[in-house]
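Quick notes on the structure that follows.
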Amino acid sequence: MAEAVTRATIADLAHKGDAVADIDGDQVYVEGGVPGDVVSLDISGSRGRIVAVHEPSAHRVTPPCPKAGQCGGCSLQHIDDAYVADWKRSQIIAALAHRGIETDVKPTITSPARSRRRVTFAARRGGAGVVIGFHEKASQHIVDVSECEIADPSLTKALPGIAAMLEDGLTRRGEAKVAVTTTQNGLDVAVDMPGKALTGQLLSKLSNAGQAAGLARLTWNNEQVAEWRAPVISFDGLECVPPAGGFLQAVGHAEDTLRQHIIEAAKGRKRLKRVVDLFSGCGAFSLPLARLAKVDAFDSDPAAIAALDQATRNLQGLKPLVAERRDLFRRPVFALDLKNYDLAVLDPPRAGGQAQAEQLAKSKVPAVVSVSCNPATFARDARILIDGGYKIGAVTPVDQFRWSAHIEVVALFERA
């Protein structure tokens, strides 16, 4: 039976990266489409599958990865980089406009290919051994990614050894998440395998295999198997050993870009004696800021705070840095307690930092640098700061997760 198809022109990209076509006034989401494509679609509900591309868009390119249509790790490799960068910028402009905010939004700064220093892979045991890689799109099937356009080559090069190491620890029914991070002293591997306890026998096998694979550290379900060498990360030349599996900016280039904006804002202050770093993690911004001023750092993750505290003990030439565990969602640093700070850094997770932004808006802190991985919550928190008397400066988009719909944002807010 002939397939019923509809001819359409792809009009735009939605905020999650799917292409959008207008069909009789209804939006149809089209995976793999490019704005400007003239296509035939097989439509089911609000989704359309491309049957044929009659006139390819000028922005359509050949994906650099041969598995781009299969692997679920990237969604935008078929669109040229310049268009994606402009689209991501437009997403920020739209999010700000939704909150009634107009300001200069700079061109997107895009991280290089093969620059991800941390990647979380899926691993499963099968009849032919362990398969490790990324999920196929809309499937639990795992695609082998021995070559990958987003990951640091040292990560993919190590995958066969990591797969062999995991064989005794994986069940045939379960699936493991394997976070692999490049560090100065080798790879840091954290495995999350539900239902598989770290017995003495498994620990011994994993320890031997991890050492043979040349790892720096191996963790299994939050229990450390072994640390052969300290998995050191450098934050602008300042060394820290982050907690296994804890938060870390996935791309060093993006982290450097965000940090550069923060340091420039700090150096631009007429007075800079005290800085507060809110949602500090293990110190990517706190430690370099401590070269310039006293720093108080707050984060809810006890392991991150412990790592930051240990780093300050091992480093020389820094001004006092105090790291404190605190849930800034439930117990933000209150406006009265912010009165002696000259600069605040606000870098919350995707949910944003509404409660903390509300306290900053009531405070007298002269300047706030806001960093976000979610344009919508960034705009919401920006509105709070602006309504509290801050003026927003230029906003810079940072494309840390290349070929995906994700985008980072950094901006300086100053009291009028």
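Okay, here's what the table says:
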read-out	value
Stokes-Einstein diffusion coefficient of the stretch 187-329, Kirkwood radius over Cα pairs, 37 °C, 0.692 mPa s, in µm²/s	199 µm²/s
Point-to-point label distance, Phe334-Asp86, nm (Cα→Cβ direction, 7 Å offset)	5.1 nm
Of Lys106/Lys157; Lys273/Lys362; Lys319/Lys362; Lys88/Lys339; Lys270/Lys362, those spanning more than 30 Å from alpha-carbon to alpha-carbon	Lys106/Lys157; Lys88/Lys339
Centre separation in Å (Cα based) which lies between the stretch 77-125 and the stretch 224-247	27 Å
Cubic angstrom per residue, convex hull over Cα atoms of the stretch 294-377	103 Å³
Segment Lys205-Ala128, extension gain: residue separation times 0.36 nm, minus the distance between their alpha carbons	25.7 nm
Lys67 - accessible surface, heavy atoms, 1.4 Å probe, Å² rounded to 10	60 Å²
Translational diffusion coefficient (Stokes-Einstein; Kirkwood radius from C-alpha pairs) of the stretch 130-265 at 20 °C, 1.002 mPa s, in µm²/s	133 µm²/s
Accessible-area value, Met193, 1.4 Å probe, nucleic acids and ligands omitted, Å²	0 Å²
Surface share of carbon and sulfur [accessible, 1.4 angstrom probe, percent] for the stretch 1-116	50 percent
Rg in Å to one decimal, and Dmax rounded to a whole Å, for the stretch 247-357 via C-alpha atoms	13.1, 36
Counted charge near Arg173, where neighbours are those whose Cβ lies closer than 11 Å (Asp, Glu -1; Lys, Arg +1)	+3
Cleavage-rule hits, trypsin sites (Lys or Arg not before Pro), the stretch 348-386, DSSP coil, Cβ neighbours within 10 Å at most 11	Arg350
Lys/Arg +1, Asp/Glu -1 at C-beta; the stretch 73-143 dipole; positive extreme among His141, Leu96, Gly73	His141
Val232 paired with Ile23, simple spin-label distance in nm, labels 7 Å along Cα-to-beta-carbon	5.8 nm
Extent along principal axes [Cα atoms of the stretch 258-304; Å; largest to smallest]	34, 20, 14
Within the chain, longest stretch clear of exposed GluC sites (Glu not before Pro) (DSSP loop, no more than 11 other Cβ within 10 Å)	103-416
Distance cut-off 19 Å, percentage of C-alpha pairs in the stretch 287-338 lying past it	30 percent
Where N is the number of residues in the stretch 204-254, Cα Rg divided by 2.2 N^0.38 Å	1.28
Where Rh is the Kirkwood radius over Cα pairs, Rg/Rh for the stretch 224-308	0.99
Accessible area of the chain divided out per residue, in Å², using a probe of 1.4 angstrom	46 Å²
Structure-derived Rg/Rh (Cα atoms, Kirkwood Rh): which label, when the choices are (i) 1.00; (ii) 0.96; (iii) 1.15	(i)
log10 of Debye I(q)/I(0), alpha-carbon scatterers only, for the stretch 5-52 at 0.24, 0.25 Å⁻¹	-0.73, -0.80
Extent along principal axes [Cα atoms of the stretch 338-400; Å; largest to smallest]	33, 20, 17
Enclosed volume per residue, in Å³, of the convex hull spanned by Cα atoms of the stretch 69-126	149 Å³
Dimensionless Rg over Rh [the stretch 1-108; C-alpha; Kirkwood]	1.01
Of the DSSP H helices in the chain, those whose Cα atoms cover at least 24 Å axially and whose Kyte score averages -0.5 or more	81-98
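The values are calculated or read from the model by the stated rules, or taken from the named source; none is laboratory data. In this text, all values refer to a predicted model and were calculated from it rather than measured experimentally. With ideal geometry, Cβ positions are generated from the backbone for all residues, glycine too; neighbour counts draw on all protein chains shown. In case anyone asks, the SASA skips ligands and DNA or RNA and just uses the protein heavy atoms, side chains included. Shrake-Rupley method; radii C 1.70, N 1.55, O 1.52, S 1.80 Å.
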